[in-house]
Amino acid sequence: MSAPSIAFFTRLLDDAAPAERYALATAQIQQAERHGIGRAWVAQHHFHAAEGGLPSPLVFLAHVAAQTSRIRLGTGVITLSIEDPVRVAEDATVADLLSGGRLDLGLGSGGTPSSFSPFGEDVRDKAVTYDRKLGVLLDALGGRDIGEGNALYPDASTLEERIWQATFSVPGGHRAGVHGHGLLLSRTQPRRADALHAPLSALQEPIVDAYLEALPAGVAPRITASRTVFVADDRAEALRFAEVGLRRAAEGFRRQGQTIPGDDSIEELITALDTHLGTPEQVAESLAADATLDRATEVAFQVHSVDAPHEQVLRSIELFAEQVAPALGYTVNPTLKEKA
């Protein structure tokens, strides 16, 4: 497999009012584009500002498309189980046209459990609902009849070939492969009680295996592995921000019923929350030990849960693209020159 490309991922969690969050995230994506990063992924979250700042990713990405020129733009992810799939198809098609064909459509079945009811859905049925709505979405994007002789307008062009599915599970990996879609792997995921200290790769390699086994002949794999990465000029600075962000994240996971192993020292939390931080050399060494990344076609980095301030995020993007990625042999686009 050839060297993976790199992507920037954001949950839009800057400590700011919504409009400023969107402005800061736009600036971060512009920074990623300037430094040769090939794609930006944005997460969708409803109702809960502390979990994510963006309920309408396609609206936001249409805005970002007008502020950028070549970076690809992806939803990571739209919670399809609580969306109208025809509406998603329409909005995604328009956003793709406005971006010049730069959109990637990442989908998932999960999301915050309490977010399902306001949309008239039962979280207990999310898997079945997701499969049903995925079928409708694919029919719409494929130009097929979606009822009463209606077909999608405008035409979705090749967007159906740019769908990705996120999953924590082997069956989910199989489903993405069967459809020939891309596979989105999370920055961290829950461990069973008997495997609390298992490396993230031990959980994700079986998902990759299932995906590749199910992929139709002749379809090239698309595997994006997201990772929590914060690169700083010195490790002390990185640890200073991690002390706040990782402790807050651990408390949130525990409120959800997850067990976070270790003694709550910052070094234990870094390991437990699958975080890669420090100087460029330290981050490169840490990522090199992650076996799943050897099988990825794209490595997407995000600062969450370190959640450093905006200026440090911009610096982390620069250091990752200019020092970490080359050290690991990752593919970086030529940088864009600043306008005079």
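Taken together, the values in this text are just the output of simple stated rules run on the coordinates, not laboratory data. Note that this is a predicted model, so its numbers are computed, not measured. We place every Cβ from the backbone using ideal geometry, glycine too, and count neighbours over all the protein chains shown.
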## Note on the structure
Among residues of the stretch 118-159 being of a type in the set (D, E) and assigned to a helix (DSSP H, G or I), the residue surrounded by the most Cβ atoms within 10 Å (Cβ to Cβ) is D139
### Task
Mind listing whichever residues of the stretch 285-305 are more than 17 Å from A32 (Cβ to Cβ) and in contact with a strand residue (DSSP E or B) (Cβ under 9 Å, 6 or more places away or on another chain)?
E285, S286, L287, D290, T292, L293, R295, A296, T297, S305
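Which one of these is touching a helix residue (DSSP H, G or I) at 6+ places or on another chain (Cβ under 8 Å), closer than 20 Å to G76 by Cβ and touching a residue at least 60 places away in the same chain (Cβ under 8 Å): S305, S316? Spell out how you get there, then give the answer.
On the way: S316 fails: touching a helix residue (DSSP H, G or I) at 6+ places or on another chain (Cβ under 8 Å).
Testing whether each residue is touching a helix residue (DSSP H, G or I) at 6+ places or on another chain (Cβ under 8 Å), closer than 20 Å to G76 by Cβ and touching a residue at least 60 places away in the same chain (Cβ under 8 Å) leaves just S305.
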